[in-house]
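**Q** Once you've had a glance at the structure underneath, I'll fire off some questions.
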Amino acid sequence: MSYSAEIDAAKATIAKNGPSWSGIDAESVARMRAQNKFQTGLDIARYTAAIMRKDMAAYDADPANYTQSLGCWHGFIGQQKMISIKKHFGTTKGRYLYLSGWMVAALRSEFGPLPDQSMHEKTSVPALIGELYTFLRQADARELGGLFRDLDSAKEAGDQLKAAAIQKEIDEHQTHIVPIIADIDAGFGNAEATYLLAKKMIEAGACALQIENQVSDEKQCGHQDGKVTVPHDDFLAKIRACRYAFMELGVEDGIIVTRTDSLGAGLTKQIAFSAKEGDIGDQYNSFLDCEEVTADDLRSSDVVIKRDGKLLRPKRLASNLFQFKPGTGEDRCVLDCITSLQNGADLLWIETEKPHIGQIGGMVNRIREVMPNAKLVYNNSPSFNWTLNFRQQVFDAWEAEGKDTSAYQRDRLMSVDYDDSELAKEADERIRTFQKDAAREAGIFHHLITLPTYHTAALSTDNLAKEYFGEQGMLGYVAGVQRKEIRQGIACVKHQNMAGSDIGDDHKEYFAGEAALKAGGKDNTMNQFAAE
């Protein structure tokens, strides 16, 4: 409904209720409705799921239409990302947010900083989703509030053309609400626990859930050692639990992202159940590292499997875990991905140990032989040393081409000594185009960085502390922060406005009329902040 139609609808309601409603202004009602477009988290989940589905179809038509996101651990961080994106690019199209379980564990747990091992309170995940959308909705309200003020000014000046243009801008306002891909870890328990948590996350607004095939009580960060996977049937039950949660809540376009950690996981806690040779349990067990035994070789606690008429004992560690055969990680990843897509997954996530297009693309090509529309969400992880990895990739490519590499030492390519070298420049160019190239060559639909603001917060704080507590004193803040905010048009330089002070003033005027005591008058020091 357009802005003017909302005003007319509010007028009709007010008139119907007689003189006792005469203090209610129809245009103010229309403004408040525009500033509160999404009533519930489910409204958001349905809206953003449709966006993701449309973006996925666009990517299938042309891989240049890949999407991106940055991880965030606070509503304010997510809000500022979207405000910045709209400021610089004019649209949020193709840009999402990522909710990282790692950052929830490290920054949002009541236990304090925790490793990424599903030890944090699982309720903190849906709470953060709700917080993110609260801040994004406030960004809408703030931006629209500014347009309403401009509209009032245009009308007061008698500029009807400008007023009409602003009203059109209000009608076509693009929301800051975007999809959030939310990390549900390994489900925080069994399939029922996964279902219950999924519901909470969807009710908070999540349209996309990312779940991994690790054991819940042995879960590790994807870039650490000691990862333990579960048999496919266990994982598929959790995928179905997520789908049931979406369906129950009426978010029928909900997206499930299935992550495989098999590339770096050499262990399993269980031997899979197999009803017949060649089924999915048998395929899982075929990767176990076994030794042939006879009945006389067995200990009382041994577990054995039979294959090709032979009795095999899977190698079992003191931790009671079974190990896979070395070098089977890629084959297991491919099987995981195909099985997930055949059983309800929408997108894949392959956790790798390095950002290498050839490695990722090789697996995706094998998956697409069975599932042609397979596409990935990929973690452009800060756990990778991007500089070193890509310099080594260029070094290796040059050597393979017969190019002279005698000026470089491969094991010390991270050195600042190489920063201005031709090799470093080529590596940086490969990093710059990595997302575009991987979208085209490796089936990556969505690129994300899991922990960017964890690192930017640490870096900016370090720089401020060094200056402010050192010789620069207050100039460390003014030159390093505030002046840059003013010059770059960072909305937060007017922090009172960003926190909702002007929205509150509007409401005071709606509620109290001329008696309203407003904060945004001429003596508000925020009026000092103009670029010139």
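The values are calculated or read from the model by the stated rules, or taken from the named source; none is laboratory data. Keep in mind the model is a prediction, meaning the values are calculated, not measured. Here Cβ is always computed from backbone atoms with ideal geometry, including for glycine, and neighbour counts include all displayed protein chains.
**Q** Is it fair to say residue 239 is farther than 18 Å from residue 99 by Cβ, in contact (Cβ under 8 Å) with a residue 12 or more places away in the chain and either in contact with a strand residue (DSSP E or B) (Cβ under 7 Å, 6 or more places away or on another chain) or among the acidic types (Asp, Glu) (or both)?
**A** Working: farther than 18 Å from residue 99 by Cβ: yes; in contact (Cβ under 8 Å) with a residue 12 or more places away in the chain: yes; either in contact with a strand residue (DSSP E or B) (Cβ under 7 Å, 6 or more places away or on another chain) or among the acidic types (Asp, Glu) (or both): yes.
In short, yes.
**Q** Considering 3, 59, which residue is in contact with a strand residue (DSSP E or B) (Cβ under 9 Å, 6 or more places away or on another chain), among the aromatic types (Phe, Trp, Tyr) and at pLDDT 95 or above? Quick ask: steps written out before the conclusion?
**A** On the way: 3 fails: in contact with a strand residue (DSSP E or B) (Cβ under 9 Å, 6 or more places away or on another chain).
Checking each option against the conditions leaves just 59.
**Q** Assess whether residue 50 counts as being among the hydrophobic types (A, V, I, L, M, F, W, C), surrounded by 19 or more Cβ atoms within 10 Å (Cβ to Cβ) and closer than 28 Å to residue 251 by Cα. I'd like the intermediate steps shown before the answer.
**A** Working: among the hydrophobic types (A, V, I, L, M, F, W, C): yes; surrounded by 19 or more Cβ atoms within 10 Å (Cβ to Cβ): no; closer than 28 Å to residue 251 by Cα: yes.
In short, no.
**Q** Here is a further query. Please verify whether residue 57 is hydrophobic (A, V, I, L, M, F, W, C) and free of Cβ contacts under 8 Å to residues at least 40 places away in the same chain, treating the condition exactly as stated.
**A** Answer is yes for this residue.
**Q** Determine whether residue 466 is outside the structural domain of residue 71 (by TED's automatic domain parsing) and farther than 30 Å from residue 102 by Cα. Outline the logic, then answer.
**A** On the way: outside the structural domain of residue 71 (by TED's automatic domain parsing): yes; farther than 30 Å from residue 102 by Cα: no.
For residue 466, the condition - outside the structural domain of residue 71 (by TED's automatic domain parsing) and farther than 30 Å from residue 102 by Cα - is not met.
**Q** Somewhere in the range 135-144, is a residue closer than 17 Å to residue 197 by Cβ, assigned by TED's automatic domain parsing to the domain that holds residue 449, part of a helix (DSSP H, G or I) and touching a Gly at 6+ places or on another chain (Cβ under 6 Å)? Full working, then the answer.
**A** Taking the range 135-144 first, the residues closer than 17 Å to residue 197 by Cβ are none.
Among the residues of the range 135-144, not one is closer than 17 Å to residue 197 by Cβ, assigned by TED's automatic domain parsing to the domain that holds residue 449, part of a helix (DSSP H, G or I) and touching a Gly at 6+ places or on another chain (Cβ under 6 Å), which makes the answer no.
**Q** Separate question: What pairs can you find where one residue is in the range 194-222 and closer than 19 Å to residue 105 by Cα and at pLDDT 95 or above, the other is surrounded by fewer than 24 Cβ atoms within 10 Å (Cβ to Cβ) and of a type in the set (Lys, Arg), and their Cβ atoms are less than 8 Å apart, with a gap of 6+ or different chains?
**A** Once the first residue is closer than 19 Å to residue 105 by Cα and at pLDDT 95 or above and sits in the range 194-222, its partners that are surrounded by fewer than 24 Cβ atoms within 10 Å (Cβ to Cβ) and of a type in the set (Lys, Arg) give 197/122; 212/219.
**Q** Tally time: how many residues in the range 164-216 are basic (Lys, Arg) and surrounded by 23 or more Cβ atoms within 10 Å (Cβ to Cβ)?
**A** At the first step, the residues of the range 164-216 found to be basic (Lys, Arg) are 168, 199-200.
Filter again for surrounded by 23 or more Cβ atoms within 10 Å (Cβ to Cβ), leaving none.
Summing the residues that are basic (Lys, Arg) and surrounded by 23 or more Cβ atoms within 10 Å (Cβ to Cβ) in the range 164-216 gives 0.
**Q** Which ranges mark the helices (runs of 4 or more DSSP H) fully within the range 1-89 that have 3 or more residues being more than 21 Å from the chain's Cα centre (by Cα)? First the steps, then the outcome.
**A** Values: elements: 3-16, 26-34, 41-61, 75-89.
Ranges flagged: 3-16, 26-34.
**Q** Does residue 41 satisfy being of a type outside the set (D, E, K, R) and surrounded by fewer than 18 Cβ atoms within 10 Å (Cβ to Cβ)? Steps first, please.
**A** Values: of a type outside the set (D, E, K, R): yes; surrounded by fewer than 18 Cβ atoms within 10 Å (Cβ to Cβ): no.
The answer is no for residue 41.
**Q** All but one of (1) closer than 30 Å to residue 56 by Cα; (2) assigned by TED's automatic domain parsing to the domain that holds residue 234; (3) crowded, with 17+ Cβ neighbours inside 10 Å hold for residue 330; state the number of the condition that does not hold.
**A** Against the list (1) closer than 30 Å to residue 56 by Cα; (2) assigned by TED's automatic domain parsing to the domain that holds residue 234; (3) crowded, with 17+ Cβ neighbours inside 10 Å, residue 330 comes up short only on (3).
**Q** When the range 238-252 is examined, which residues are found to be outside any helix (DSSP H, G or I) and not aliphatic (A, V, I, L, M)? Outline the logic, then answer.
**A** Narrowing the range 238-252 to residues outside any helix (DSSP H, G or I): 249-252.
Passing the criteria: 250, 252.
**Q** Going by what's in this entry, would residue 479 be described as loosely packed, with under 15 Cβ neighbours inside 10 Å and farther than 30 Å from residue 210 by Cβ? Steps first, please.
**A** Working: loosely packed, with under 15 Cβ neighbours inside 10 Å: yes; farther than 30 Å from residue 210 by Cβ: yes.
When the stated conditions are applied, residue 479 passes them.
**Q** Right, here's the next one. In the range 490-508, which residues are touching a residue at least 24 places away in the same chain (Cβ under 8 Å) and either loosely packed, with under 12 Cβ neighbours inside 10 Å or among the acidic types (Asp, Glu) (or both)?
**A** Result: 502, 506.
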